[in-house]
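All remarks here apply to the structure that follows.
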Amino acid sequence: SISMMAAPGSAADFADGFRLVTSKKRGKRQATRHRRAVVNRTRTEDDGEDDSIDVNKLERTILTAKEELRCTEFFSTVKDIFRHIRSGSWKSLCVSATSDSECRSRKSGDCLGEQSNASPVKELHDKLEFDAIVCYGLGRFSSCVTARYQLGLMLLLRELLDVGHSCYVYDPRFSSKEKQVLTTLGWQLIQKNEEGKRPVDRTTLFFMPHCGKPLYNNLLWSNWGPRLNNVVLLGNSLANMALRFPSKDLQKAAFYLHSILDLTKEFPLPNTFHFQDVFNDMSLHLFPVTDTSPPPLPWQQAAEPVYDLDWQEEIIRNSDT
């Protein structure tokens, strides 16, 4: 059997799921965070109902947001990015690398067009046909305008990628009426909190708007190795995360995210939508890896991530564990 290597942010690096601390003051702060996380998990179980929701009106509002997005410069750019990726004509897009700071600019139009210093793309992803869409972390779209537009984008992407009914969504905060709307709109509800740990054997778009680092880290871990070729991630820019956090801290908090950065191809989405906080800091990410790619941790020795209390609030833990 393969021996498990202790990786920062993995199960082997923790005692009983939490990093041991020696400072009494810090221990008290950690315990306070833990109690708060438990309370928040309980609240997510209870605050999902809202009898005032008009299901028909909510559905019309979402479809209106979808059609509004369809006619925007933002969605035109999104379509262009997906067109290039699906056809294999990647040379007309800027591919972000961790060493190329210019490609991380979020200004409109940056990273689009010809780039002489773009990284070569591996043949593994010459062409892509999508088989499914999975969404985590959408939030309460009945009360949040941002979430409604993000759902509108999900509906447009389903049409664009032609994935039929292979569309799955989960957020622990969904109310029963929000779930009803999602089902009416053709989405399949994921029945349990996967914590992002969904392995995929076919090309899948993961839409994870403004999720915490542990969710991204869990997704990468669950597909660690050549299976990452099946993962296409639309979410917060991983390159920008690397800029915002010291390398040592990011490695400690999200080991697999940190480890995959040099092998990631990133396509930033210019933030041209008129509501600037809906799609800000979002990128499309591909992971063209092989079983001979040299990450810091061998592919076959990937230990499951377990997070200490400092990071508990960035992920909603499975209530069954």
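Which of the listed residues, A239, T204, Q188, is farthest toward the dipole's positive end in the range 167-253, when Lys, Arg count +1 and Asp, Glu count -1 at the beta-carbon?
Of A239, T204, Q188, it is A239.
What list of ³J(HN,Hα) values in whole Hz, one per residue of the range 204-212 in order, does the Karplus curve 6.51 cos²θ - 1.76 cosθ + 1.60 (θ = phi - 60°) give from phi, with Gly and Pro shown as x?
10, 8, 9, 9, 10, x, 6, 7, x
Throughout, read-outs are computed from the coordinates displayed, never taken from laboratory work. On a predicted model such as this, the values are computed, not experimentally measured, just so you know. Using ideal geometry, Cβ is built from the backbone for each residue, glycine included, and neighbour counts are taken over all protein chains shown.
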